[in-house]
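The values are calculated or read from the model by the stated rules, or taken from the named source; none is laboratory data. Please read these numbers as outputs of a predicted model, since none were measured by experiment. Cβ atoms come from the backbone with ideal geometry, glycine included; neighbour counts cover every protein chain shown. With ligands, DNA and RNA removed, areas are computed over all heavy atoms of the protein, side chains included. Shrake-Rupley method; radii C 1.70, N 1.55, O 1.52, S 1.80 Å.
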Amino acid sequence: METFHTHRLPGRNVATTNGKEYLWFSGTDYLGMGHDPDFHTYVNEGLNLLGTHFGSSRNNSLRLSIYEDTEAGFSEFTGAESALIVSSGMWAGQLVMKEIDKLVLNTAGDAPIEYHYAPRVHPALWGNHFKTSSKSWADWASDTVRAINQSPENNAHIICSDAVGSPVPELFDFSLLKEIHNPGQVYLVIDESHSLGAIGPGGKGIHETLKDLLQVKIIVVSSLNKALGIPAGAVYGNTKWIDSLRSSPWFAGASPPAPAYIYALKKLLDTNRYTKAHLALQNNIRHFTEKITGANLFISFPDYPVFCNTGPALFEHLLKNGIMASCFSYPKPTDAPVTRLVISSLHKKDDLNRLAEVMMLFKN
């Protein structure tokens, strides 16, 4: 596939260095925060108040209060007891995976631990005894429940899964895990990088839904650099677990994200800016899907901003008609490329109408 370059951040449009301009329907800036004027204002305020970086451990004797203040607001937003903000979503996942055995042993005692990795789970959750699975998510979940129910009663089980499928969108049925007989011995680690801000009431993700649905112990990790637009990551869930992670050398020894962005995150949460942007996103998704009803062109699920088509043919068709999506191998270079098209809250109705018009001309 051809690679394109640009000197400016894409929004509704992207201008490439070869002098061409396209409507832009890709990336993971689902809520359009990269071009949000309130966001820009808050980042600038944060830079003036807190500077460009905090060159210190979060566990130092002198601490910037903005981190803990924002973690409290973020916990409230997601419905979690507590939260920890770190430098990236990848590190959020790896921090948990490095400490998960300790967290389980502190809760379950000296119990044997079994790991269960969902198909296509993000590398952020690759940890002890990682094994890939080629099954469908539903088949894997049913097999996992069966394996847990047939294992010795005192065994502890760690289940690792993404909240939704990516790069190909898939809505997972976590209610299948309700069939686990001894949920008190099960720890569900979820990466919701692609769901936080994009799904759930007000874009608040799936944590609260899972907490109400399941009796297993739940800990969630996420990148904040997708829908929320913050170059950082977060871990959220049970206060005891989060406090344990705060005392970890893996946390103490890692630099925190830039405080100006964490200040902006707090302001965006305080003003419900994400919830308002999520409403605009939902309106755009529904407008587009109504325009292509019956076309059967995409892998997608309702009210989610990502639409995929296997192979590069759709990407080339869109490109010839002045629209740029994405098409590349992910996460491994040997993976088959898919055309991935993304609606954002930035898009105007005219953009969506043009996209739908071009889509209806495509022949699979």
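A few notes on this one:
- Ranked by how many other beta carbons lie within 10 Å on average, peptides 22-30, 330-338 from highest: 22-30, 330-338
- Extension gain, Q150 back to K320 (0.36 nm per residue minus Cα-Cα distance, nm): 55.7 nm
- The heavy atoms of S326 offer some 20 square angstrom of accessible surface to a 1.4 angstrom probe.
- Inter-part distance where the stretch 19-85 and the stretch 146-212 are each reduced to a Cα centre, Å: 26
- Flagged links, alpha-carbon separation over 25 Å, of K98/K267; K266/K348; K204/K332; K204/K226: K98/K267; K266/K348; K204/K332
- Across the stretch 278-290, computed HN-Hα scalar couplings (Karplus, 6.51 cos²θ - 1.76 cosθ + 1.60, θ = phi - 60°) run 5, 4, 4, 4, 4, 4, 5, 4, 5, 4, 5, 5, 5 Hz from first to last residue, x flagging Gly and Pro.
- Computed lengthening from N60 to A111, 0.36 nm per intervening residue step minus Cα-Cα distance: 15.0 nm
- Spin-label model distance (nm) - T334 vs S136, 7 Å beyond Cα toward Cβ: 2.6
- From largest to smallest, the equivalent ellipsoid semi-axes obtained for the stretch 255-346 from the alpha-carbon gyration tensor read 30, 20, 11 Å.
- Axis angle, to the nearest 10 degrees, between helix 37-50 and the longest C-alpha principal axis of the chain: 50 degrees.
- Derived value for the stretch 158-280: Kirkwood hydrodynamic radius 15.8 Å. Basis is the mean of 1/r over every pair of different alpha-carbon atoms.
- At 1.002 mPa s and 20 °C, Stokes D of the chain from Kirkwood alpha-carbon radius, µm² per second: 99
- Antiparallel bridge percentage (DSSP; both residues within the chain; nearest 5): 55
- Potential lengthening of the chain between M360 and N272 amounts to 28.0 nm, from the contour at 0.36 nm per residue minus the alpha-carbon distance.
- Evaluated with a Cβ-only charge set (Lys, Arg +1; Asp, Glu -1), the chain carries a dipole of roughly 680 debye about its Cα centre, given to the nearest 20.
- Highest-first arrangement of 74-86, 145-157, where packing means the average Cβ count within 10 Å: 74-86, 145-157
- Rounded to 10°, Cα long-axis angle of helix 65-78 versus longest principal axis of the chain: 80
- Distances between placed amide hydrogens fall under 5 Å for Y115 paired with I158, all partners being 5 or more residues away or on another chain.
- Neighbour net charge for L281 - beta-carbon separation under 14 angstrom, K R +1, D E -1: +4
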